[in-house]
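Trainee: Attaching a single structure in structure tokens format; questions to follow.
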Amino acid sequence: MPPIPGSGLAKGLAVTLRTMTRKTVTAQYPDVQPELPPRSRGVIALFEENCTVCMLCARECPDWCIYIDSHKETVPAAAPGGRERSRNVLDRFAIDFSLCMYCGICIEVCPFDALFWSPEFEYAETDILELTHERDKLRAWMWTVPEPPALDPGAEEPKEIAAARKTAEKLEAQRALEAQQAQEAQAQEAQQAQPTKKEAEGEE
């Protein structure tokens, strides 16, 4: 059956009439900030204290937008007779957000939790060179990183927390045992120091 002439126009007008009767909803940005989902990918923040300059993030980045410079320092021996060790010291950590495609691979591969997602997205610049954030600016974004969500009450306890809790319980039990032994020793010393009844009568 061929379509009725003008049916498409009638459908379009019907949609227009339905829309005209509804209340308009306009996002009043930037006066009203949008409600972002908790795992929004805004900007990448750096917690440089955790960075060991392993270069995993720079090697895995598909856009090669992470620049890292470092140097080696010699750490003296911790104990006498020990040997000196060398460690990497971070000199530069920069991300070029004009190249970044926000895939999050760098954050996923970091084994020491040095990179985090921040929901902040308002960092547009008039000069493209300003989109290369050095480590000071990346560190400043750490203040905008939200706290991690709470664990599921039914989830298993993480292995790290379980091991730390067991160690703390062992130390507490050991301290309690030592305190009990010390109290018993003090009681025995006090009992031995007191004169017996017969010795007291003999002195009289």
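The values are calculated or read from the model by the stated rules, or taken from the named source; none is laboratory data. Since the structure is predicted, the reported quantities are computational estimates derived from the model, not experimental observations. Reconstructed Cβ throughout: ideal geometry from the backbone, glycine too, with neighbour counts over all protein chains shown. The protein model used for the area step is the full one, side chains on, heavy atoms only, and it has no ligands, DNA or RNA in it. Shrake-Rupley method; radii C 1.70, N 1.55, O 1.52, S 1.80 Å.
Trainee: Let's see if you can work this out: charge +1 on each Lys and Arg Cβ, -1 on each Asp and Glu Cβ, no other charges. What is the dipole magnitude of the chain about its Cα centre, in debye to the nearest 20?
Mentor: The calculation lands at about 1280 debye.
Trainee: Let me ask something else about it. Could you state, as a whole-number percent, how many of the C-alpha pairs of the range 100-153 are farther apart than 16 Å?
Mentor: Result for the distance tail: 55 percent.
Trainee: Once amide H atoms are built 1.01 Å from N in the peptide plane, which residues 5 or more positions from T132, or in another chain, come under 5 Å H to H?
Mentor: Amide H to amide H, under 5 Å and 5 or more residues apart or across chains, T132 pairs with F97.
Trainee: Let me ask you something else. Quick one: dipole size for the range 4-56, taken about the Cα centre, charges +1 on Lys/Arg Cβ and -1 on Asp/Glu Cβ, in debye to the nearest 20.
Mentor: So the dipole magnitude of the range 4-56 works out to roughly 620 debye.
Trainee: A follow-up question, please. What FRET efficiency comes out for the pair C103/L131, r = Cβ-Cβ distance, R0 = 22 Å, nearest 0.05?
Mentor: In this case the efficiency is close to 0.85.
Trainee: If I histogram all Cα-Cα distances within the chain using bins 5 Å wide from 0, what percent of pairs lands in each bin?
Mentor: 1, 5, 8, 9, 9, 8, 8, 7, 7, 6, 6, 5, 4, 3, 3, 3, 2, 2, 1, 1, 1, 0, 0, 0, 0, 0, 0
Trainee: Which cross-chain or sequence-distant (5 or more) residues have an amide H under 5 Å from the amide H of V43, H modelled 1.01 Å from N in plane?
Mentor: Residues meeting the amide H criterion: S118, E120.
Trainee: Please state the charge dipole magnitude for the range 110-154, taken about the Cα centre, from unit charges on C-beta atoms (+1 on K and R, -1 on D and E), reported in debye and rounded to the nearest 20.
Mentor: For the range 110-154, the charge dipole is close to 160 debye.
Trainee: Ignoring ligands, DNA and RNA, how do D63, D69 rank by accessible area with a 1.4 Å probe, largest first?
Mentor: If we order D63, D69 from most to least accessible, we get D69, D63.
Trainee: M142 to Q194: extension gain in nm, 0.36 nm per residue of separation minus the Cα-Cα distance?
Mentor: Contour length minus Cα-Cα distance gives 12.1 nm.
Trainee: Roughly speaking, what is the centre-to-centre gap between the range 1-61 and the range 95-156 when only Cα atoms are used, to the nearest Å?
Mentor: For the range 1-61 versus the range 95-156, the Cα centre distance is 20 Å.
Trainee: So for the range 56-153, what are the equivalent ellipsoid semi-axes in whole Å, largest first, each being the square root of 5 times an eigenvalue of the Cα gyration tensor?
Mentor: 30, 20, 13
Trainee: Considering only T74, S7, I44, whose Cα is most displaced toward the positive end of the charge dipole of the chain, charges sitting on Cβ of Lys, Arg (+1) and Asp, Glu (-1)?
Mentor: S7
Trainee: Moving on. In the P(r) worked out for the range 1-103, what percent of Cα pairs fall beyond 19 Å?
Mentor: Tail of the P(r) past 19 Å holds 71 percent of the pairs.
Trainee: Using the Cα centre of the chain as origin and beta-carbon charges of +1 (Lys, Arg) and -1 (Asp, Glu), tell me which of A168, V145, Q188 is placed farthest towards the positive end of the dipole.
Mentor: V145
Trainee: Another question, then. From the phi of every residue in the range 100-111, what ³J(HN,Hα) in whole Hz does the Karplus formula 6.51 cos²θ - 1.76 cosθ + 1.60 yield, where θ is phi - 60° and glycine or proline is x?
Mentor: My calculation for the range 100-111 gives 4, 10, 6, 7, x, 5, 4, 6, 5, 7, 5, x Hz in order.
Trainee: Using label points projected 7 Å from each Cα along Cα→Cβ, tell me how many nm separate A162 and D69, to one decimal.
Mentor: Computed distance between label sites A162 and D69 equals 4.6 nm.
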